[in-house]
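Here's the structure we're looking at; comments come further down.
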Amino acid sequence: MLISFVVPVYNVEPYLSACLDSILNQGLDKDDFEIIIVEDCSTDGSLQICKDYSCKYENIILIENDKNIGLGLTRNKGMECARGEYIHFVDSDDYLFPNSIQELLSLDLIKQSPDIIWFEYSSTTNIPRGVNKIIYKGKYNDYCDPGLSFSVWKYWFKRSFLIKNNLYFTDHKTAEDAIFTFSTLSLNPFIIVVSTIIYYYRQRDGQMTANNDISYVNCLFEVVNVIKNKSTDKNLSSLYIRELFKDIICHFYRSQRTLKECIQFRNNLKEHTLLYNTIIKRGPWYLQLSRVPLLLYFYLKIKNILL
């Protein structure tokens, strides 16, 4: 079997059918792929949709969690069940563009047995077609990466490579894919990067990992620290931490009310603003990111991350 699509499901009733149909209608022979749905105790009609599809299609496997365990551990259950040579983790509110898998396979990648196949995605349906070529093949450490992404749905992972290196998701409630992808790339796998746009990423409220309060930001910082501790390559670690801090900044803008309630610096704001403006001009790299919010600086001070 060529590919196992692992689809974690939680409260995605309006989007789930489109996701599953997009995989089923890629023109693949049913013996070449499987869809492993792992249902994480949804409270809407998602489970019934999963049951309907698994009854209708023999290459769809449904796993029902006994309790809600979160995205990372849910993906692990799907990965453990997978039989394909490659695994693609597909979020259940996203979908694959029509015929995109056939375009990918036309590049004759599989016989080269890469550890990772790295493709493109879009958040708009108005995309140019016909852009389908190999950009790079070789070891990851030799790749000049113009657009690092730690989202696991952007890759096909060779299953034997994951098993050999004991690669699984952590139970962090957010950014668990950052740790997984970082851990995988830090092993310097053989990768093939292609220009093919395969994946449609839907940006919406209420996603499985969506959480705009301060606990979300706390978790992101915890993930940063895990990556720092796991790092064996300083440059690779730095790239990933940059991307995580960008994500953190976005969520700080959404979390300001909650954050203000717990900031010990809310008094003497003018004084601390001046201090912030002085430090950011000569501070470490993560303060050089564009328009780092003042609240982020305060939070970093509280967490003793600033030097």
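Across the stretch 87-122, the number of residues qualifying as open to solvent by less than 10 Å² (accessible area, probe 1.4 Å) and over 18 Å from the mean Cα position of the chain (by Cα) comes to 5.
Taken over the stretch 11-39, residues that are surrounded by 24 or more Cβ atoms within 10 Å (Cβ to Cβ) and part of a loop (DSSP other than H, G, I, E, B) amount to 1. Listed by position, the helices (runs of 4 or more DSSP H) enclosed by the stretch 153-268 that each have at least 2 residues that are modelled with pLDDT of 65 or more, surrounded by fewer than 18 Cβ atoms within 10 Å (Cβ to Cβ) and polar (S, T, N, Q) are 214-230. There is no residue in the stretch 70-84 that is farther than 19 Å from Trp156 by Cα and open to solvent by 30 Å² or more (accessible area, probe 1.4 Å). Within the stretch 50-69, being open to solvent by less than 50 Å² (accessible area, probe 1.4 Å) and more than 24 Å from the chain's Cα centre (by Cα) holds for Tyr53, Ser54, Asn59. As a summary of the residue check, Leu47 satisfies the conditions (1) surrounded by fewer than 23 Cβ atoms within 10 Å (Cβ to Cβ); (2) among the aliphatic types (A, V, I, L, M); (3) touching a Leu at 6+ places or on another chain (Cβ under 7 Å) except for the one numbered (3).
The values are calculated or read from the model by the stated rules, or taken from the named source; none is laboratory data. Values in this document were obtained by computation on a predicted structure and should not be read as measured data. Don't worry about glycine lacking a Cβ; one is built from the backbone with ideal geometry, like all the others, and counts go over all protein chains shown. Ligands, DNA and RNA are excluded from the accessible area calculation, which covers all protein heavy atoms including side chains. Shrake-Rupley method; radii C 1.70, N 1.55, O 1.52, S 1.80 Å.
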